[in-house]
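The values are calculated or read from the model by the stated rules, or taken from the named source; none is laboratory data. Nothing here was measured: the structure is a model prediction, and the numbers come from that model. Glycine gets a Cβ as well: all are built from the backbone with ideal geometry, and neighbour counts include every protein chain shown.
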Amino acid sequence: MITQNEASLPQASARPGAPVQDGTVDMLLTFADSLSTEERTALRSLMCVITQQVCPAGEFPSDPVQLARFRQALMVLGTIQRHPRMTSNGVIYRGRPAFLTDDFLTALQREANEEVRPRAIWQRGHMLGVSGTLADKLAMSPEMQTLIEQASGPINATGVASYLFYEVEGAGVSAHVDTEVFSINVSIMLRHEGIHRRSRLFIFNMDGMQREDIELVPGEMIVTFGDSIVHGRSPLAAGELVNIVTFGYQPANWVA
Ligand SMILES: [Fe+2]
């Protein structure tokens, strides 16, 4: 179930052309079903590399051959994990959960700034701070588990919580697919500030026909099948600041 805030509907950037219809995807998925877990993981990694090579800046490839390969990889990545509740863009929840009160949001913002930011380390486009007293507790909370399971089905919490700080012009994350620690990725926007707030979460639909640019407002949470969608964060403008806390979950009884 997707809860959509009227004020922050995603903007879409469509790419002309027909969806993938050449049978390659079906062939690859049939092939994937014949593989061992390790072999399937290797195939998934290969698809990830292809998307990163042909879509380094989060834009559709202009070359028709690369575009076709990109769409094939998107479709394989969107399907190979066999999530029963997969959606066209991997989003399974978006909104402001009841447990995320104004006071709790303020407390998370304070934890981010005062406890975590001083020990955060630079990691490819942003500062990363793993763990935090409140974030760790929220990662394992029954309220969070219940909300996610309503959208995804049964899950196991990995207990991984990370604060991400984007603070300089050009900061962001290039197009990628999450690791299986973040098979189900939960992200809460804590702060988005600046005169020019242009950075967005972008997600390519698995049919490769559209890229959605999603603006989250502070307190808003989004849950995606992060291991199945090619996504990233577009670059910050000068003076812009984005702070997010993310959590990783996995489907219950799931053999990756
Ligand atoms: Fe990600």
Handout entry: Selection from the stretch 148-186 of residues that are β-branched (Val, Ile, Thr) and within 11 Å of the ligand (Cβ to nearest atom)
Key = 173, 177, 179, 181
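Which of the strands (runs of 3 or more DSSP E) found entirely inside the stretch 165-256 contain at least 3 residues meeting this: under 25 Å from residue 113 (Cβ atoms)?
Details: elements: 173-176, 184-193, 201-204, 210-214, 221-224, 231-233, 241-251.
Of the strands (runs of 3 or more DSSP E) lying wholly inside the stretch 165-256, those with at least 3 residues that are under 25 Å from residue 113 (Cβ atoms) span 184-193, 221-224, 241-251.
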Practice task
Check residue 203 against each of (1) more than 19 Å from residue 76 (Cα to Cα); (2) within 12 Å of the chain's Cα centre (by Cα) and name the one condition it does not meet.
Solution key: (1)
Problem - Which listed residue, of 180, 215, is modelled with pLDDT under 95 and of a type in the set (Asp, Glu) - result: 180
Exercise for the section: Report yes if residue 95 is at positive phi and out of contact with any Ser or Thr (no Cβ under 6 Å at 6 or more places or on another chain), otherwise no. Expected result: no
Exercise for the section: Take the stretch 189-215 and flag every residue that is among the hydrophobic types (A, V, I, L, M, F, W, C) and either in contact with a helix residue (DSSP H, G or I) (Cβ under 7 Å, 6 or more places away or on another chain) or within 12 Å of the ligand (Cβ to nearest atom) (or both). Expected result: 190, 201, 202, 203, 204, 206
Handout entry: Residue match in the stretch 122-135 (condition: touching a Leu at 6+ places or on another chain (Cβ under 9 Å) and aromatic (Phe, Trp, Tyr))
Key = yes
Handout entry: Some residue of the stretch 134-154 being more than 16 Å from residue 100 (Cβ to Cβ) and touching a helix residue (DSSP H, G or I) at 6+ places or on another chain (Cβ under 9 Å)
Key = no
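Answer yes or no: is there a residue in the stretch 239-255 that is acidic (Asp, Glu) and either closer than 15 Å to residue 179 by Cβ or touching a Cys at 6+ places or on another chain (Cβ under 7 Å) (or both).
No, every residue in the stretch 239-255 fails to be acidic (Asp, Glu) and either closer than 15 Å to residue 179 by Cβ or touching a Cys at 6+ places or on another chain (Cβ under 7 Å) (or both).
Filter the stretch 224-242 down to residues that are of a type outside the set (S, T, N, Q) and touching a helix residue (DSSP H, G or I) at 6+ places or on another chain (Cβ under 6 Å) and give me whichever is nearest to the ligand (Cβ to nearest atom).
Here is the first cut: in the stretch 224-242, the ones of a type outside the set (S, T, N, Q) are 225-227, 229-233, 235-242.
So of that shortlist, the ones also touching a helix residue (DSSP H, G or I) at 6+ places or on another chain (Cβ under 6 Å) come out as 226-227, 230.
Working: 226: 5, 227: 9, 230: 9 Å.
My answer is 226.
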Practice task
Scan the stretch 243-256 and report the pairs whose first residue is surrounded by fewer than 18 Cβ atoms within 10 Å (Cβ to Cβ) and whose second residue is modelled with pLDDT of 95 or more and of a type in the set (A, V, I, L, M), with Cβ atoms within less than 8 Å and a gap of 6+ or a chain change.
Solution key: 252/155
Handout entry: Residue under evaluation residue 251, criteria (1) away from the ligand (no atom under 13 Å from the Cβ); (2) in contact with an Asp or Glu (Cβ under 8 Å, 6 or more places away or on another chain), criterion not met
Key = (2)
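Name the one entry in 158, 146 that is surrounded by fewer than 20 Cβ atoms within 10 Å (Cβ to Cβ) and either part of a helix (DSSP H, G or I) or at pLDDT 95 or above (or both).
146
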Handout entry: Matching option when the condition is in contact (Cβ under 8 Å) with a residue 24 or more places away in the chain, β-branched (Val, Ile, Thr), buried (at least 20 other Cβ atoms within 10 Å of the Cβ) and part of a helix (DSSP H, G or I), among 51, 79, 41
Key = 51
